[in-house]
């Protein structure tokens, strides 16, 4: 029995030693700045589109603000002219309108946030692809962010090549602003999850 056990152990040891793992390749490192995404033409295009949307929303909100100020002024003037019931009804209608405007503002904010989030994902995916292609062209096998390194030779820095490739592959991105209905649906779906 001891002889069989000893033979099994020796055979196992021989198998393990012959099944050595392949050695890892020597690291050839490329470096890229995280800010490459922010500097890209596509990201700058996103900012431009969001600024345009923000200007539209500000104009829309200014219209609502004027409407609400006028209604509030009218309510103040009607305080002595209307019965308590009529005044309470108008006040209730005014407060309902204020709530509708606040909801509309939240929807506009969510439209912009969701649109930017999706567009940024597109830029990030293109960035990863560009970084991988530049890494292969440079015969590197590791790409790391420059911000994680204390010091390195500038020859490892592939940021300009990655940015050039990214701008060539993805010069712009269409920011898709979801409809009010889509945003409302998404927000109502997120509320139960946030309450858990």
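Each value in this text was obtained by applying a stated rule to the coordinates, not by laboratory testing. All values reported here derive from a predicted model rather than from experimental measurement. With ideal geometry, Cβ positions are generated from the backbone for all residues, glycine too; neighbour counts draw on all protein chains shown.
Between the Cα long axis of helix 84-137 and the first principal axis of the chain there is an angle of about 20°, rounded to the nearest 10. Helix 41-78 axis versus longest C-alpha principal axis of the chain: approximately 20°, rounded to the nearest ten. The angle between the Cα long axis of helix 2-18 and the longest principal axis of the Cα atoms of the chain comes to about 70 degrees, rounded to the nearest 10.
When a/c reaches 1.5 or more, the comparison of a/b and b/c decides; with that in mind, is segment 42-97 rounded, prolate or oblate per its Cα gyration tensor? Here segment 42-97 falls in the prolate category. Estimate the FRET efficiency between residue 76 and residue 147 by the formula 1/(1 + (r/R0)^6), using the beta-carbon distance for r and 45 Å for R0, to the nearest 0.05. Efficiency at R0 = 45 Å is approximately 0.20. Divide the volume of the convex hull around the Cα atoms of segment 26-195 by the residue count and you get 176 Å³ per residue.
Extension gain, residue 91-residue 64: 0.36 nm per intervening residue step, less the Cα-Cα distance, totals 8.0 nm. Subtracting the Cα-Cα distance of residue 117 and residue 137 from their residue separation scaled by 0.36 nm leaves 4.2 nm. If the segment from residue 54 to residue 104 were pulled out straight at 0.36 nm per residue, it would be longer than the present Cα-Cα gap by 16.6 nm. Cβ-to-Cβ counts within 10 Å put 151, 122, 55, 36 in ascending order as 151, 55, 122, 36, the fewest first. Within the listed set 114, 163, 68, the residue fluctuating most in the Gaussian network model of the chain (springs between alpha-carbon atoms under 10 angstrom) is 68.
Calculated from DSSP H runs of 4 or more alone, at -39500 (n - 2.57) each and per residue, what is the 222 nm mean residue ellipticity of the chain, nearest 500? Only helices count here, giving -25000 deg cm²/dmol. Highest GNM mean-square fluctuation among 41, 93, 110, for the chain modelled with Cα contacts below 10 Å: 93.
Counting other Cβ atoms within 10 Å as a rough exposure proxy, the listed residues 107, 150 run 150, 107 from fewest neighbours to most.
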